[in-house]
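Single-structure report; data block below.
Bear in mind these aren't lab numbers, they're just calculated from the coordinates by the rules spelled out. Predicted model, so just to flag it, every value in this text is computed and none were measured. Note that we place each Cβ from the backbone using ideal geometry, even for glycine, and neighbour counts take in every protein chain shown.
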């Protein structure tokens with residue numbers, strides 16, 4: 001038989017519930033009590049006549065008595081001038097009630113403000129922005145992504161980036177201030193919550209965002225975290241019918257099919273991180289400077305890739321359009337149906353609705369030069385010649401990570417038959433290395449050891465190799481991995497200085513800040529892996545249509561970017577304009593987009609000698625060792 005609650009228990013239960021109902025309810029309750037005290041006192045005084053009136057007064061009406069009571073409730077000192085003992089006792093009662101109420105009100109307000117500040121500190125308030133960029137997740141990639149988006153939106157009146165991560169709001173804001181600095185016209189909002197929790201997801205209002213970036217975590221199953229966040233987003237009951245623009249990164253190609261199924265109704269741009277980094281690493285190992293070219297193309301600090309429809313070029317050939325711009329560089333054609341053609345044959349014609357894929361400083365700087373006869377210096381163009389067959393090559397890979405198998409496959413696509421590759425890594429990687437892929441043009445050798453051990457490096461006789469690739473140990477934290485890589489690079493540079501036999505050194509760095517520190521090693525090139533992926537992510541966040549172009553650029557099939565000897569194109573030592581270089585490349589069925597000066601190759605202040613989209617009328621005197629940057633089949 002259940003116990004029937006007593007009246008006092010009911011009162012206590014009601015009181016407990018009321019006290020837990022929040023600051024506004026408590027303030028309202030204090031207001032009711034104040035009003036009751038004031039009205040009670042006013043009633044007593046008005047009915048008491050001269051007995052309860054101030055001394056010398058004939059009485060006080062209800063309104064006047066209520067006013068006097070209110071004044072003493074708000075200010076206890078008011079009763080100091082009261083006369084008449086009856087009036088004094090009533091006002092004393094009112095004053096004591098006022099002291100209790102006001103002190104309680106101050107406590108309630110203080111507690112309420114502290115609670116609100118704590119709530120704001122936790123970052124749980126809902127974002128009401130629209131047309132903003134949402135970043136789901138947190139890693140060290142968030143800093144270069146934000147930095148690039150800030151640069152991209154400098155010409156906007158106002159832009160907003162909302163970040164949702166399972167991290168303290170104040171910590172996120174402090175780290176962003178430290179690593180990013182001033183954000184200009186871009187407002188950065190941080191909120192705490194799980195990106196894969198549908199309820200938390202609503203905090204950053206993703207359904208009104210123009211782009212949603214899903215960042216993989218630095219630890220754990222990164223692809224699973226991305227897929228969970230995508231599921232929470234695309235299956236939200238509050239989602240709108242229009243496609244979301246989602247940009248993310250994956251580690252495993254098998255996860256791509258799952259993600260595409262989840263985002264089948266959305267514009268999904270998924271970057272396969274190991275694939276991209278491995279291809280850039282393999283290509284850069286054979287042609288120094290390529291990673292700098294990609295960085296220049298992908299950052300917002302210089303020229304960028306745009307799409308533009310040019311009706312006046314309709315019916316004209318691609319080869320003629322190459323020379324139609326003074327300060328923009330053509331890359332290819334984007335057909336009206338979205339098909340991307342990079343470096344198409346010169347006789348390819350523009351059709352109505354086609355767009356230029358073009359490099360320019362801004363979208364409003366894409367202007368036809370108007371020159372009917374571009375100043376091509378035909379006499380300085382060298383005739384095409386058949387290249388000699390490349391000899392077998394020897395490559396050395398120091399270290400191992402997830403990009404290793406793709407690097408081996410990519411190298412195998414480029415090198416001549418009977419080439420060889422040696423991998424030096426910790427013993428636990430031996431089985432993984434030897435079974436990772438079947439090579440056609442290279443023989444694979446594994447050797448266990450510590451890549452920072454100078455005795456081991458000397459025993460390898462590195463001067464016998466054509467290319468050396470130093471990979472970061474992604475099992476360590478970023479700074480520890482880069483520290484080990486720096487030690488290896490210093491040993492390699494010392495070995496290179498003791499021997500006149502040239503070999504290229506390419507290294508993978510994880511933190512962009514360590515690239516400048518590593519410059520003292522005079523390494524031929526650095527692949528700052530996460531930074532390059534961050535640049536791609538920021539570009540796709542601003543323009544999802546670039547995904548087709550970037551996919552084609554980083555695809556091993558079709559056209560790729562090459563740095564080729566300038567002597568193959570134009571005369572050395574002669575003042576030659578870039579119109580002439582573009583025409584020389586066109587005759588080889590290539591598209592020239594810039595050049596690299598060997599004398600500046602190790603100077604970070606001059607972008608390591610890389611010049612993308614130079615003005616075509618500017619004359620340059622090339623020397624031996626300089627390179628032309630072209631889009632070509634091989």
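Rounded, prolate or oblate: which fits region 119-182 when a ≥ b ≥ c are the square roots of the eigenvalues of the alpha-carbon gyration tensor, with rounded for a/c under 1.5 and prolate only if a/b beats b/c? Because a/c hits 1.5 or more and a/b fails to exceed b/c, region 119-182 counts as oblate. Relative to the dominant Cα principal axis of the chain, helix 478-498 is inclined by about 20°. Using a Förster distance of 45 Å, how high is the FRET efficiency between residue 261 and residue 185, based on the Cβ-Cβ distance and rounded to 0.05? Approximately 0.75, to the nearest 0.05.
What Kirkwood hydrodynamic radius, in Å, does region 133-265 give when the mean of 1/r is taken over all pairs of distinct Cα atoms and then inverted?
Numbers: mean 1/r = 0.0659 Å⁻¹.
By the Kirkwood definition, the hydrodynamic radius is 15.2 Å.
Between residue 464 and residue 445, the contour length at 0.36 nm per residue exceeds the Cα-Cα span by 5.4 nm. Each 10 Å bin from zero holds the following percent of Cα-Cα pairs in region 300-458: 9, 24, 17, 19, 21, 9, 1.
Using 1/(1 + (r/R0)^6) with R0 = 41 angstrom and r between the beta carbons of residue 39 and residue 6, what's the FRET efficiency to the nearest 0.05? Don't jump to the answer; show the numbers that get you there.
On the way: r = 31 Å, r/R0 = 0.75.
E between residue 39 and residue 6, to the nearest 0.05, is 0.85.
So for region 156-197, averaging the separation of alpha carbon pairs under 8 Å that are six or more residues apart and normalising by length, what relative contact order in percent results? Please report the intermediate quantities before stating the final value.
On the way: 47 pairs, mean separation 26.6, N = 42.
Dividing the mean separation by the residue count of region 156-197 yields 63 percent.
Taking Cα atoms only, the orientation of helix 169-179 departs from the longest principal axis of the chain by about 40 degrees.
Sorting the segments 369-379, 240-250 by their mean number of nearby beta carbons within 10 angstrom, highest to lowest, gives 240-250, 369-379.
How much length would be gained if the chain were fully extended between residue 634 and residue 125, taking 0.36 nm per residue of separation minus their Cα-Cα distance, in nm to one decimal?
Numbers: separation 509, 0.36 × 509 = 183.24 nm, distance 5.42 nm.
Using 0.36 nm per residue and subtracting the Cα-Cα distance, I get 177.8 nm.
Rounded to the nearest 10 degrees, the inclination of helix 142-152 to the longest alpha-carbon principal axis of the chain is 80 degrees.
Placing a pseudo-label 7 Å from each Cα along the Cα-to-Cβ vector at residue 617 and residue 102 gives an inter-label distance of 8.0 nm.
Based on the alpha-carbon gyration tensor of region 275-321 and its eigenvalue square roots a ≥ b ≥ c, which shape applies: rounded if a/c is under 1.5, prolate if not and a/b is larger than b/c, or oblate? Taking the square roots of the gyration eigenvalues as a ≥ b ≥ c, region 275-321 is prolate. Averaging sequence separations of C-alpha pairs under 8 Å and six or more residues apart, then dividing by the length of region 133-265, give the relative contact order as a whole percent. For region 133-265, the relative contact order is 27 percent.
Please order 364, 197, 303 by the number of other Cβ within 10 Å, starting at the fewest. Don't jump to the answer; show the numbers that get you there.
On the way: 364 8, 197 15, 303 23.
By the 10 Å Cβ count, ascending: 364, 197, 303.
Take every DSSP beta bridge whose two residues both sit in the chain; close to 40 percent of them are antiparallel.
When shorter helices are ignored and each DSSP H run of at least 4 residues is given -39500 (n - 2.57), the per-residue value for the chain at 222 nm works out to -12000 deg cm²/dmol.
Going from the residue with the fewest nearby Cβ atoms within 10 Å to the one with the most, 509, 71 rank 71, 509. Between residue 336 and residue 455, the FRET efficiency estimated from the beta carbon spacing at R0 = 60 angstrom works out to 0.45. Temperature 20 °C, viscosity 1.002 mPa s: under these conditions the Stokes-Einstein estimate for the chain, based on its Kirkwood radius over C-alpha pairs, is 72 µm² per second. Distance between the 7 Å Cα→Cβ label points at residue 365 and residue 312: 1.9 nm.
Please list, in order, the residues from region 552-590 whose amide nitrogen is less than 18 Å from a point placed 7 Å along the Cα→Cβ vector of residue 383. Label zone hits: 567-572, 584-589. Counting beta carbons within 10 Å around each of 627, 4 and listing the fewest first gives the order 4, 627. For residue 62 and residue 24, the difference between the fully extended length at 0.36 nm per residue and the C-alpha to C-alpha distance is 10.7 nm. Taking the average, over residues, of other Cβ atoms within 10 Å as the packing measure, peptides 135-148, 172-185 rank 135-148, 172-185 from highest down. Decide, for region 246-345, between rounded, prolate and oblate: order the square roots of the alpha carbon gyration tensor eigenvalues as a ≥ b ≥ c, take rounded if a/c falls under 1.5, and otherwise choose prolate if a/b is larger than b/c, else oblate. Oblate shape, in that a/c is at least 1.5 and b/c is the bigger or equal ratio. All Cα-Cα separations within region 394-528 were binned at 10 Å from zero, giving a P(r) of 12, 46, 36, 6, each value a whole percent of the pairs. So what is the relative contact order of the chain, in percent, for Cα pairs below 8 Å that sit 6 or more residues apart? This gives 11 percent for the chain.
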